[in-house]
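Visitor: I have a structure here, written as structure tokens, and I will follow up with some questions on it.
Just so it is clear, none of the values below were taken in a lab; they were calculated from the coordinates. Worth saying up front: this structure is predicted, and the values here are computed from it rather than measured. For neighbour counting, all protein chains shown are included, and Cβ atoms are generated from backbone atoms with ideal geometry for every residue, glycine included.
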Amino acid sequence: MTFDPILAVHRFGLGARPGEAGRVGADARGWLLGQLDGAEVAPRLAALPASEDQVVAAAAALRRRDTAALQAQVVSMFRAEAGARALHRIDTAQPFRERWVAFWSNHLCVSTSNALVRLVAGAYERDAIRPHVTGSFAALLLASARHPAMQLYLDQTASMGPNSPVGRRARRGANENLARELLELHTLGVDGGYGQADVEGLAAVLTGWTFVRTDRTTPGHFLYDPLRHEPGAHVVLGRSYEGDAGEAALTALAAHPSTAAHLARKLVRHFVDDDPPADAVAAVEATWRRTDGDLRAVATAIVDLPQAWDRPLSKLRSPDDYVTAVGRALGGANDAELLLRALQTLGQPTWGPPSPQGWPDTGVDWASPAAITGRVGFAERVAQVSWDVVPDPVDHADDLLGALLGPRTREALATSRTRADAVALLLASPELQRR
């Protein structure tokens, strides 16, 4: 098996920056796996407001129902967070790690369709996702489910046991949203062997999970509130849980065989092919089960799949990955607002998936005629203001794409009327739109 540096930067990364394939050198596998050792120092992300401050602001606005103050906080914090993320993806020297972060952020997604989630979505990705993507899946799942963004998105803050002290006083009961998505999307999968009774049982187990203290005066991060918890024993997949047992229940879900099968298939679809090869799925699933969901080991297993290195680029980049690839192809970007507007126009606004299923991950979902026309228009607009950073479009394409550059695209670049036209053709080319 040959670990091609060009394939490494496109299939596993975010698209090539000028000279990147040369910097990868002969050890493409080592370049990829080295990105999984230790967290990346990301100055753009480190300069953002403290996540604790954002959570406190969200809780305070929720408590006061202060619409004007909340709106101002939402606009300021979201632009800072989303813009820093977009620029970081273009700048990063660890694109495989960033792809890995994006996969898990989308798998365990929240959506800014909820205004309060919009306020803390960036904090969620930074604090619940990034620190855990090379640890255990159980730890990642727990951090996600406990974060205020997920609890707000799936209405966990409104969930309480109907027989708990708070539930009896408020005459309210358990909300099943978080429990349902944990089973159906985050772990076992829709065909993973659970039923409605398991959803109800898990919802009862999770009653008491919140992030605002019961006296409503000291907002903060995750809190288990026994006054909201449904008393008694609750059964999930044949196991009984009582008291503050949410962590135990999620740990069991993370270790379930159906979770390994569900996520192995989803990972191979993301990194290899829209139609995941069965033998590749089996190899990743075996690693998952052998290591009990060690995500660094799972990432290594994906890098070591022969199927990932023996086929041409077949995956159509999502709009987020495409906009990032364009910025990387030009050597960088500094206009975060332009990038965020492009993502909105192309149909993938930052942290805005249409449902808890997250953004789709197959070409058919992104390849409508209107969507491709939108990408061409974006490439043309970018080329008009950035063509001068590309002295020779053919040489630039060779550097970025190597043997992936097709003869038709090469000829079109060489015979373009202007350099701006050639740069637009390169940015809109099939080769740059695929990974």
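Visitor: Using the beta-carbon distance between A197 and Q357 and R0 = 25 Å, what value does 1/(1 + (r/R0)^6) give for FRET efficiency, to the nearest 0.05?
Guide: Taking R0 as 25 Å, the efficiency between A197 and Q357 is 0.65.
Visitor: If R0 is 56 Å, what FRET efficiency do you get for V385 and A233 from their C-beta distance, rounded to 0.05?
Guide: Efficiency, rounded to the nearest 0.05: 0.30.
Visitor: Right, something else. From the Cα gyration tensor of the range 319-433, with a ≥ b ≥ c the square roots of its eigenvalues, which class applies: rounded if a/c is under 1.5, or else prolate if a/b is larger than b/c, or else oblate? It would help to have the intermediate numbers written out before the result.
Guide: Values: a/c = 2.16, a/b = 1.63, b/c = 1.32.
Taking the square roots of the gyration eigenvalues as a ≥ b ≥ c, the range 319-433 is prolate.
Visitor: When the label point is put 7 Å from the Cα of R408 along its Cα-to-beta-carbon vector, which residues of the range 369-384 have a backbone N closer than 20 Å?
Guide: Hits in the range 369-384 for R408 at 20 Å: 369-377, 379-380.
Visitor: Here is a follow-up. With N denoting the number of residues in the range 73-198, provide Rg(C-alpha) divided by 2.2 N^0.38 Å, to two decimal places. Before the final figure, lay out the partial values.
Guide: Numbers: Rg = 16.6 Å, N = 126, 2.2 N^0.38 = 13.8 Å.
This ratio for the range 73-198 stands at 1.20.
Visitor: Pairs of Cα atoms under 8 Å, at least six residues apart: use those to get the relative contact order of the chain, whole percent.
Guide: 19
Visitor: By count of other Cβ within 10 Å, fewest leading, how are T291, T134 ordered?
Guide: The order, fewest Cβ neighbours first, is T291, T134.
Visitor: Could you tell me the calculated FRET efficiency between V190 and R311, based on Cβ-Cβ distance and R0 = 22 angstrom, to the nearest 0.05?
Guide: 0.20
Visitor: With only alpha-carbon pairs counted, each pair once and no self-pairs, how large is the Kirkwood hydrodynamic radius of the chain in angstroms?
Guide: With all distinct Cα pairs of the chain included, I get 22.9 Å.
Visitor: For a paramagnetic label modelled at 7 Å from the Cα of T345 toward its Cβ, which residues of the range 351-390 fall within the zone defined by backbone nitrogen distances under 16 Å?
Guide: The answer is 370-387.
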